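The structure under discussion appears below in the form of structure tokens.
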Ligand SMILES: *Cc1c(COP(=O)(O)O)cnc(C)c1O
């Protein structure tokens, strides 16, 4: 059985190598360890090995395991990387430190209201559907700049960055390049892009965080 801690160290060293190859400073890329489907017992050794930033794609699943882990490790940073429904916005604002999947007007409005109500302000990313795939969440690329502006001007949200999931069967490079270009036009700094199969490539295209699950925890 491959061991998650050994695989964490391997991914960390791959990230350092990709940073160096892209002439980027060491530590400029944040590793978001994607722990979806893995239980607290599988996650705990990875936290003990020093990893503090984690990603989950379902609000309810995250609620089931993270409060207890957080009680032991208060400096955990938890990212929501899956689609968010309005009826889960209250729970998401209460639990997550970063919400990466804002992709429509209604969820922007709901989050804005919830954040003020709870006086809790997670960092926010807009998800862009760079491949315009009908089954995939995310704002259309051609609407993304205007949407980020509306998040700011209409809903009073601070958008820190953009996130994308390229189509599974395509070369991801052009999608990463597109996300970076849209971020420049929208005036946002952070780029959440790259997963187990392509995070080294994403770092070459300027990713500031990579979301890596199976390369650390194993197959789901
Ligand atoms: C599951 C998931 C990941 C991690 O995928 P791996 O291929 O296991 O690294 C990254 N981003 C999102 C949005 C995911 O849902």
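Which percent, nearest 5, of DSSP beta bridges in the chain are antiparallel? Present the calculation step by step, with values, prior to reporting the outcome.
Values: 0 of 24 bridges.
Antiparallel bridges make up about 0 percent of those DSSP assigns within the chain.
Using the alpha carbons of the range 1-77, what is the convex hull volume per residue in cubic angstrom, as a whole number? Before the final figure, lay out each step's value.
Details: hull volume 7.5 nm³, N = 77.
Normalising the Cα hull of the range 1-77 by residue number yields 97 Å³.
Shown is the FRET efficiency for residue 24 and residue 181, computed with R0 = 25 Å from the Cβ-Cβ distance and rounded to the nearest 0.05: 0.85.
With contacts defined as alpha carbon pairs under 8 Å and 6 or more residues apart, what's the relative contact order of the range 9-59 in percent?
Values: 29 pairs, mean separation 16.6, N = 51.
Once divided by the residue count of the range 9-59, the mean separation gives 33 percent.
Model label sites at residue 13 and residue 153, defined 7 Å from Cα along the beta-carbon direction, differ in position by 5.1 nm.
Comparing 194, 138, 27 in a Gaussian network model of the chain, where Cα atoms under 10 Å apart are tied by springs, the biggest mean-square fluctuation is seen for 27. Note on residue 119/residue 48: beta-carbon distance plugged into 1/(1 + (r/R0)^6) with R0 of 25 Å gives a FRET efficiency of 0.20.
Taking the chain on its own, what percent of its Cα-Cα pair distances exceed 33 Å? Mind showing how you got there, number by number?
Values: 2851 of 24090 pairs.
So the portion of pairs separated by more than 33 Å is 12 percent.
Taking 79, 155, 175 as the candidate residues, the one with maximal mean-square fluctuation in a Gaussian network model of the chain, Cα springs under 10 Å, is 155.
From largest to smallest, what semi-axes in whole angstrom does the range 76-154 give when each is the square root of 5 times an eigenvalue of its alpha carbon gyration tensor?
Calculated on Cα positions only, the semi-axes equal 21, 14, 11 Å.
Report relative contact order for the chain in percent, whole number only (criteria: Cα-Cα under 8 Å, sequence separation at least 6). Once divided by the residue count of the chain, the mean separation gives 22 percent. Here the label points at residue 60 and residue 39, each 7 Å from Cα along the C-beta direction, are separated by 1.8 nm in the simple model. What FRET efficiency, computed as 1/(1 + (r/R0)^6) with R0 = 25 Å and r the Cβ-Cβ distance, is obtained for residue 220 and residue 133, rounded to the nearest 0.05? Using R0 = 25 Å, I get an efficiency of 0.75. Across the range 15-93, the relative contact order, built from alpha-carbon pairs under 8 Å that are at least six residues apart, equals 27 percent.
Each value in this text was obtained by applying a stated rule to the coordinates, not by laboratory testing. None of these values were measured; they are calculated from a predicted model. Methodologically, a virtual Cβ is constructed for each residue, glycine included, from the backbone with ideal geometry; neighbour enumeration extends over all protein chains shown.
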